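Asker: The following block contains the structure, expressed as structure tokens.
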Amino acid sequence: QAARRVGDIRADFPLLSAHPDRVYLDSAATSQRPEAVIAAETAFVRESYAAVHRGSSVATGEATIAFESARETIAAFVGAAPNEIVWTENATDALNIVALGISDASLGLGAERFALKPGDEVLITEAEHHANLIPWQRLVARTGATLRWVPVDEHGEWSIDALRERVGPRTRIVAFAHVSNVTGSIAPVADVAEIARGSGALTVLDACQSVPHRQIDVGALGVDFAAFSSHKMLGPTGIGALWGRAELLDELPPARTGGSTITTVTMEKSEFLPSPQRFEAGTQPVSQAVGFAAAADYLTALGHDAIGAHEEQMTGLLVEAVDATPGVTLVGPRPGKPRASLASFIVDGVHAHDVGQFLDDRGITVRTGHHCAQPLHRRLGVAATARASAYVYTTPEDIERFRVALSEVRGFFGAGG
Ligand code: PMP
């Protein structure tokens, strides 16, 4: 199948057409939606919306089929079985569900295999998004376990050797991002999974920045759980997914309880269904699931090879734009090394927020701040960085406008040439 031209792909995105003068380089924060996603969600709401998994009406049956076939689509997209995909609010929620489930198990509320004891260790990295840091801080505070982390270097990167040194017999969980949202570094997932497995630790992958951009077979990666968000892969907000190995999900205590999760309820206690129902308490984001599946279908139709080739080209241009600009420091992998399609940077003598404002005044949307990774920024020695990120609709012209504007920042603020 021939790769579609980026100009044609752009035409699928109503927002990009509505703002032809804007350069959108903030897809790592959230991505734009193609008409196919908007139309799928709208058509479902207009024609098929009803309660799912409740009652026996024709309408409920139709809505339930749409909801469950969306799950099948997302499962197939990441090489999983449908019962291994739990709908969540977003990736943050998915990570919390794992941490809270382990916390409940530690209190004796189900499956002993997950229980943490004082002295047990949870290992993360210093590069984690707060979504993959704070839930573990809370878990160790509740259980008396210890939080350890793999430090990052001055570029914000961590090494597999440093991780290996920190995995030992007390390590019970290793949680890390597949792709850093700040540095764009790509973690050696299979190596980490093997090291963790060697110590009997569970692995939790924050796949928020990888699933949208590359073909992922979650089972083949060797990890035990993975979290991702629809809104970073052309889908709606309000929905994400937790993937887990079926035998683990079927035993992980449900963090949230309530309607639709149970087999039997007495006044004293409740028995829970297997995955995914045990985790999906209350009314679910049904139309969002339909939109999420349409986004996965859209990406599948573009083709992972074509997406990868396009992003590689855009990444090269982004890195070059940042690295070749005097007084601008690229964060993360050195130019030429593998990285995801984003580039965070520091402009000498100019605060990241001023950089963002300057670019925004020229119609260029980037993200500035600590990107929910304060410890990483502390190690870099700055409170904030600016980040430009590309996706399927980004053009070389977008990055050229960014490059030209970036080259003018220091002069404008009187910070030198
Ligand atoms: N992890 C990473 C690496 C991310 O980039 C993000 C989003 N910035 C998250 C977790 C959290 O995703 P969400 O806000 O969709 O829950």
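Asker: Can you tell me how many residues within the range 255-271 are touching a residue at least 60 places away in the same chain (Cβ under 8 Å) and over 21 Å from the mean Cα position of the chain (by Cα)?
Answerer: 2
Asker: Taking helices (runs of 4 or more DSSP H) that do not extend beyond the range 3-89, which have at least 2 residues that are among the small types (Gly, Ala, Ser)?
Answerer: In the range 3-89, the matching helices (runs of 4 or more DSSP H) lie at 14-18, 35-47, 58-77.
Asker: While we're looking at this one, here's another question. So, in the range 193-213, exactly how many residues are within 12 Å of the ligand (Cβ to nearest atom), open to solvent by 10 Å² or more (accessible area, probe 1.4 Å) and among the hydrophobic types (A, V, I, L, M, F, W, C)?
Answerer: Number of matching residues: 1.
Asker: Let me ask something additional. Restricting the first residue to the range 27-47 and requiring it to be over 26 Å from Asn181 (Cα atoms) and among the charged types (D, E, K, R), which pairs with a second residue that is within 16 Å of the ligand (Cβ to nearest atom) and part of a helix (DSSP H, G or I) meet a Cβ separation below 8 Å and a spacing of at least six or different chains?
Answerer: Short answer, once both residue conditions are applied: Glu41/Gln288; Glu41/Gly291.
Asker: Additional query: Among the residues of the range 88-100, which ones are over 16 Å from the mean Cα position of the chain (by Cα) and either open to solvent by 10 Å² or more (accessible area, probe 1.4 Å) or β-branched (Val, Ile, Thr) (or both)?
Answerer: Leu100
Asker: Now for a different question. If you check Arg172 against the conditions, is it away from the ligand (no atom under 15 Å from the Cβ) and either hydrophobic (A, V, I, L, M, F, W, C) or surrounded by fewer than 19 Cβ atoms within 10 Å (Cβ to Cβ) (or both)?
Answerer: no
Asker: Are there any pairs, at least 6 apart or on different chains, whose C-beta atoms fall under 7 Å, with the first in the range 124-141 and closer than 13 Å to Ala177 by Cβ and aliphatic (A, V, I, L, M) and the second open to solvent by 10 Å² or more (accessible area, probe 1.4 Å) and part of a helix (DSSP H, G or I), and if so, which?
Answerer: Ala131/Thr92
Asker: Write out, first by first residue and then by second, each pair whose Cβ atoms fall under 9 Å of each other, whose residues are 6+ apart or on separate chains, and whose first residue, in the range 371-382, is under 14 Å from Ile346 (Cβ atoms) while the second is basic (Lys, Arg) and at pLDDT 95 or above.
Answerer: Close Cβ pairs satisfying both conditions: His371/Arg387.
Asker: Might you check whether a residue that is within 11 Å of the ligand (Cβ to nearest atom) and farther than 25 Å from Glu311 by Cβ occurs anywhere in the range 216-239?
Answerer: yes
Asker: So which residues in the range 369-388 are open to solvent by 40 Å² or more (accessible area, probe 1.4 Å) and small (Gly, Ala, Ser)?
Answerer: Gly381, Ala383
Asker: Moving to a separate point now. Could you tell me whether the range 292-303 includes any residue that is without any contact (Cβ under 8 Å) to a residue 12 or more places away in the chain, away from the ligand (no atom under 16 Å from the Cβ) and within 20 Å of Ile38 (Cα to Cα)?
Answerer: Checking the range 292-303: at least one residue is without any contact (Cβ under 8 Å) to a residue 12 or more places away in the chain, away from the ligand (no atom under 16 Å from the Cβ) and within 20 Å of Ile38 (Cα to Cα).
Asker: Take the range 101-124 and flag every residue that is under 18 Å from Arg170 (Cβ atoms) and not in a helix (DSSP H, G or I).
Answerer: Passing the criteria: Ala115, Leu116, Lys117, Pro118, Gly119, Asp120, Glu121, Val122, Leu123, Ile124.
Asker: Could you pull out the residue among Ser31, Ser103 that is under 28 Å from Thr365 (Cβ atoms) and buried (at least 22 other Cβ atoms within 10 Å of the Cβ)?
Answerer: Of the residues listed, the single one that is under 28 Å from Thr365 (Cβ atoms) and buried (at least 22 other Cβ atoms within 10 Å of the Cβ) is Ser31.
Asker: Evaluate the following for Leu317: is it buried (at least 16 other Cβ atoms within 10 Å of the Cβ) and farther than 25 Å from His129 by Cα?
Answerer: Yes, satisfied.
Asker: Among the residues that make up the range 236-254, is at least one of them in contact (Cβ under 8 Å) with a residue 24 or more places away in the chain, under 30 Å from Gln32 (Cβ atoms) and open to solvent by 20 Å² or more (accessible area, probe 1.4 Å)?
Answerer: For the range 236-254, residues in contact (Cβ under 8 Å) with a residue 24 or more places away in the chain, under 30 Å from Gln32 (Cβ atoms) and open to solvent by 20 Å² or more (accessible area, probe 1.4 Å): present.
Asker: Hey, another quick one. Does at least one position in the range 38-45 carry a residue that is open to solvent by less than 70 Å² (accessible area, probe 1.4 Å) and within 30 Å of Thr368 (Cα to Cα)?
Answerer: Yes, the range 38-45 has at least one match.
The values are calculated or read from the model by the stated rules, or taken from the named source; none is laboratory data. Note that the structure is predicted; figures quoted are calculated from it, not measured. With ideal geometry, Cβ positions are generated from the backbone for all residues, glycine too; neighbour counts draw on all protein chains shown. SASA here: full protein model, heavy atoms, side chains in, ligands and nucleic acids out. Shrake-Rupley method; radii C 1.70, N 1.55, O 1.52, S 1.80 Å.
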